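Here the structure is laid out as structure tokens; the discussion comes afterwards.
The values are calculated or read from the model by the stated rules, or taken from the named source; none is laboratory data. Predicted, not measured: the structure shown is a model, and the values here were computed from it. Methodologically, a virtual Cβ is constructed for each residue, glycine included, from the backbone with ideal geometry; neighbour enumeration extends over all protein chains shown.
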Amino acid sequence: MTEIEIGRGKRGRRAYAFDDIAVVPSRRTRDPEDVSIAWQIDAYRFELPFLAAPMDSVVSPATAIAIGNLGGLGVLNLEGLWTRYEDPEPLLGEIAELPDEAVATRRLQEIYAAPIREELIGERIRQVREAGVVTAAALSPQRTAQFSKAVVDAGVDLFVIRGTTVSAEHVSGHSEPLNLKQFIYELDVPVIVGGCATYTAALHLMRTGAAGVLVGFGGGAAHTTRNVLGIQVPMATAVADVAAARRDYMDESGGRYVHVIADGGVGHSGDLPKAIACGADAVMMGSPLARATDSPGRGRHWGMEAVHEELPRGKRVNLGVVGTTEEVLLGPSHTPDGSMNFFGALRRAMATTGYSELKEFQRVEVTVAPVQKV
């Protein structure tokens, strides 16, 4: 790809966000009823190709169960309020009512300073599992070794290792880093790991034996990573690069397929087909679900980056509410802005371009067409 000269001593590659691209219609169309958007990873099949992000404003045990019953996968945050407090509902209400972002950040840091309780990890996972839906839970790489046994013993089906960025080659002079390859090899459940945002980083994560790779860095609605650290990779380019790594890893490994999951940047329903078109198998969504009337955050949204004790790289944002979780995912929509019926939109986008399966739709033509702000 052609690089752009930034100055005499530095060149950079042009990268694209989902807002910068659009899907192109083809010569064929289909009825939306003839389109399948089902997704299968390892032994688990989902009618909706998405994971709800492990964020306290999005996923509680109750919403994980509800999302599972609707055909998706809710991922519990095992470092959040539900594993620090017996009853976090009063704190969730307090966070929703905090007056401004400066006050909210300081108070979030105080609330999340409470220790993680191992017995609550098992209790929350079992609560979801006993409801009969596929159970997924997430830890950061820093906490994975410490709490992974409790997670597996509780009967989790899919284990997510999620951080702002996760590498297979973490170097530390102060502690023994997590050996991802050994950890995944010894674990009895499939692992999804990320985020990553480049071809090389994704290829190394795929070589660890992960079932899926999360793609994204600083692209979420509540992230301030670009402002704080100066680091960001636009999502359309990141997903396409990681999809290329998946293709090359299939050749290298003799056919082993690693799922690519776009984590971030899917704020409107139109971003979802763009993510699949760039090569994603599924998406991880946070902010759209935080806008549900039955979300734990009550229309407010924040991630673990916002509660860092020394350098917060996120904030609590007020998104407002638009409808129930079911309406956000499956409709009907009452708004024209792409904030509801995400998977009805995906199905219609595939039908409009003539595709009946997600894997086929990854081959759809796209064009560079930046959104014109009005």
* Structure fact -> Listed by range, helices (runs of 4 or more DSSP H) wholly within region 275-373 having at least 2 residues that are among the basic types (K, R) and closer than 23 Å to V23 by Cβ are 342-352
* To do: State which residue is surrounded by the most Cβ atoms within 10 Å (Cβ to Cβ) when the search covers only region 154-171 and only residues that are at pLDDT below 95 and charged (D, E, K, R).
  => R162
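For every residue, the table says whether it meets (1) part of a helix (DSSP H, G or I); (2) over 30 Å from V134 (Cα atoms); (3) touching a Ser or Thr at 6+ places or on another chain (Cβ under 6 Å).
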residue: G12; (1), (2), (3): no, yes, no
residue: D19; (1), (2), (3): yes, yes, no
residue: P25; (1), (2), (3): no, yes, yes
residue: R28; (1), (2), (3): no, yes, no
residue: E33; (1), (2), (3): yes, no, no
residue: S36; (1), (2), (3): no, no, no
residue: L48; (1), (2), (3): no, no, no
* With respect to E309, determine if the residue is over 13 Å from the mean Cα position of the chain (by Cα), within 24 Å of A210 (Cα to Cα) and modelled with pLDDT under 95. => no
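Going by the conditions given, is G194 modelled with pLDDT of 85 or more, over 17 Å from the mean Cα position of the chain (by Cα) and either part of a strand (DSSP E or B) or surrounded by fewer than 16 Cβ atoms within 10 Å (Cβ to Cβ) (or both)? Even if it seems obvious, please write down each step before you answer.
Values: modelled with pLDDT of 85 or more: yes; over 17 Å from the mean Cα position of the chain (by Cα): no; either part of a strand (DSSP E or B) or surrounded by fewer than 16 Cβ atoms within 10 Å (Cβ to Cβ) (or both): yes.
No: the conditions fail for G194.
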* The lone exception for I261 - which of (1) within 26 Å of V368 (Cβ to Cβ); (2) in contact with a helix residue (DSSP H, G or I) (Cβ under 7 Å, 6 or more places away or on another chain); (3) surrounded by 24 or more Cβ atoms within 10 Å (Cβ to Cβ) it fails -> (2)
* Under 7 Å between Cβ atoms, at least 6 apart or on separate chains: pull out the pairs that start in region 343-356 with a residue that is in contact (Cβ under 8 Å) with a residue 12 or more places away in the chain and more than 15 Å from R27 (Cα to Cα) and end on any residue that is of a type outside the set (F, W, Y) and assigned to a helix (DSSP H, G or I). => F343/L329; F343/L330; G344/L330; A345/L272; L346/L272; L346/P273; R347/P32; R348/P32
* In region 124-146, how many residues are modelled with pLDDT under 95, within 21 Å of Y85 (Cβ to Cβ) and over 19 Å from the mean Cα position of the chain (by Cα)? -> 1
* Structure fact -> For region 316-328, pairs from a residue that is within 22 Å of M304 (Cβ to Cβ) and touching a residue at least 60 places away in the same chain (Cβ under 8 Å) to a residue that is surrounded by fewer than 20 Cβ atoms within 10 Å (Cβ to Cβ) and acidic (D, E), with Cβ under 9 Å and 6 or more apart or across chains, are R316/E101; V317/E101; T325/D294
